[in-house]
Amino acid sequence: METNSKKLSFEFYPPKTDLGNEKLISIAKDLELLKPEYFSVTFGAGGSTQEGTFNTCLALKDKTNTVPCAHISGVTSSKEEIKSILDSYLEAGFKRLVVLRGDLPSGVGGYGDFPYAQNLLEFVRSVYGNQFHIEVGAYPEVHPQAKSADEDFINFSNKVKAGADGAITQFFFLAEAYYSFMERCEKENLRIPITPGLITITNKESLLRMADNCGAKIPQKIIGDLDGLNDEDVTKYGIDVLTRLGEDLLSYGAPGIHFYTINKLEPTKAIVESLGL
Ligand code: FAD
């Protein structure tokens, strides 16, 4: 396997406290030694962490040598609000985005000016041309709200046609889901890099909760194996599972791996080192 050309990226969420910010920069400095292409920073639904995203990107830009990539979701926002955020990103020198729809916060009635990620992507391209490098979300196991797998795929392909430069997948554990998705992209001539997103395993309950929220399938074997393990052993087990999954995906031809780090250093670092990246 040729691993040198494989690209790595690490995703963080904006910490809520000064201590959290300090810890994140220290983790980012360690992860930077693994030579990632970028650090991405999530964006809270309904505006809860818009400032957090900006401030975390700014801190990463100032304190590390790795490019920040700001997520932005259109849910509940107006065109004016999105434009004001993107103007501030450009002014700060942030040129990479992950463009998403986001999820409607409970109790909020409507999606606003951007019902789907495609609408937000078209808006960004129409206002800013190619000033931003844009990734979008992809769902090898199908988005949980999709009417059907076929419609979900068409919706994904519309994001590619609307100008996405690349895509990052929702996390998954079954490599076959990625292979089938890639074969379909190949058949439909969708040629952008589609990077598998992998989540580290550090706690069984939180893993099940996250998978439930986003529709990821966790193999029964993993659920059974995690039973009765203490946190340290869960983490070790997760490193093993994710290393094997990463090896399979890279051997298949994945362009790299995007890690949902959950703002933790160790499982991610150990997996990357085991993969020899
Ligand atoms: P879309 O691509 O708009 O798809 C959403 C649903 O609508 C799908 O079921 C799709 O089939 C359907 N659909 C799309 N277009 C149409 C259309 N024209 N007509 C009818 N149906 C359509 N969430 C956050 O809040 N903050 C983050 O920072 C964040 N980061 C993420 C990063 C990655 C890599 C991924 C994969 C997800 C992330 N999410 C984040 C979660 C994401 O917001 C949710 O999965 C959300 O439910 C869908 O977002 P999307 O951009 O994929 O939506």
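Looking at the structure I just gave you, is Phe54 touching a helix residue (DSSP H, G or I) at 6+ places or on another chain (Cβ under 9 Å), within 14 Å of the ligand (Cβ to nearest atom) and either open to solvent by 10 Å² or more (accessible area, probe 1.4 Å) or modelled with pLDDT under 95 (or both)? So Phe54 passes the test. Within the range 156-173, at least one residue is open to solvent by 30 Å² or more (accessible area, probe 1.4 Å), near the ligand (Cβ under 8 Å from one of its atoms) and touching a helix residue (DSSP H, G or I) at 6+ places or on another chain (Cβ under 8 Å).
Kindly establish whether Leu190 is part of a loop (DSSP other than H, G, I, E, B), under 23 Å from Ala149 (Cα atoms) and of a type in the set (A, V, I, L, M, F, W, C). Steps first, please.
Values: part of a loop (DSSP other than H, G, I, E, B): yes; under 23 Å from Ala149 (Cα atoms): yes; of a type in the set (A, V, I, L, M, F, W, C): yes.
Criteria met by Leu190.
Taking the residues in the range 199-238 that are β-branched (Val, Ile, Thr) and within 19 Å of the chain's Cα centre (by Cα) as candidates, determine which candidate is nearest to Gln145 (Cα to Cα). Once the filter is applied, the top-ranked residue is Ile218.
Selection of the range 212-226 for residues being free of Cβ contacts under 8 Å to residues at least 12 places away in the same chain and of a type outside the set (S, T, N, Q) yields Asp212, Lys221, Gly224. For the range 111-127, filtering for residues that are part of a helix (DSSP H, G or I), open to solvent by 30 Å² or more (accessible area, probe 1.4 Å) and either within 18 Å of Ile154 (Cβ to Cβ) or of a type in the set (S, T, N, Q) (or both) leaves 4. Scanning the range 81-109 for residues that are in a loop (DSSP other than H, G, I, E, B) and more than 10 Å from the ligand (Cβ to nearest atom) yields a total of 8. The requirement of being assigned to a strand (DSSP E or B), within 30 Å of Arg244 (Cβ to Cβ) and open to solvent by less than 80 Å² (accessible area, probe 1.4 Å) is fulfilled nowhere in the range 13-29; no residue meets it. Among the residues making up the range 128-141, those that are buried (at least 20 other Cβ atoms within 10 Å of the Cβ) and more than 8 Å from the ligand (Cβ to nearest atom) are Phe132, Ile134, Pro140, Glu141. Flag: Gly112 does not match the condition of being free of Cβ contacts under 8 Å to residues at least 12 places away in the same chain, more than 9 Å from the ligand (Cβ to nearest atom), more than 21 Å from the chain's Cα centre (by Cα) and more than 30 Å from Ser180 (Cα to Cα). Against the conditions (1) at negative phi; (2) of a type outside the set (D, E, K, R); (3) touching a Phe, Trp or Tyr at 6+ places or on another chain (Cβ under 9 Å), where does Pro193 fall short? Just the number, please. Evaluating Pro193 over (1) at negative phi; (2) of a type outside the set (D, E, K, R); (3) touching a Phe, Trp or Tyr at 6+ places or on another chain (Cβ under 9 Å) leaves (3) as the failure.
Based on this model, can you work out whether Leu277 counts as more than 16 Å from the ligand (Cβ to nearest atom), under 21 Å from the mean Cα position of the chain (by Cα) and touching a residue at least 60 places away in the same chain (Cβ under 8 Å)? Here the answer is yes, as Leu277 does meet what is asked.
Among the candidates Phe114, Phe94, Phe123, Phe156, single out the residue that is closer than 24 Å to Asp212 by Cα and hydrophobic (A, V, I, L, M, F, W, C).
On the way: Phe114 fails: closer than 24 Å to Asp212 by Cα; Phe94 fails: closer than 24 Å to Asp212 by Cα; Phe123 fails: closer than 24 Å to Asp212 by Cα.
That would be Phe156, the only listed residue that is closer than 24 Å to Asp212 by Cα and hydrophobic (A, V, I, L, M, F, W, C).
The values are calculated or read from the model by the stated rules, or taken from the named source; none is laboratory data. Predicted model only: the values in this text are computed from it and were never measured. Backbone-built Cβ (ideal geometry, glycine too); neighbour counts: all protein chains shown. Each accessible area value is taken on the protein alone, full model and side chains, heavy atoms only, with ligands, DNA and RNA left out. Shrake-Rupley method; radii C 1.70, N 1.55, O 1.52, S 1.80 Å.
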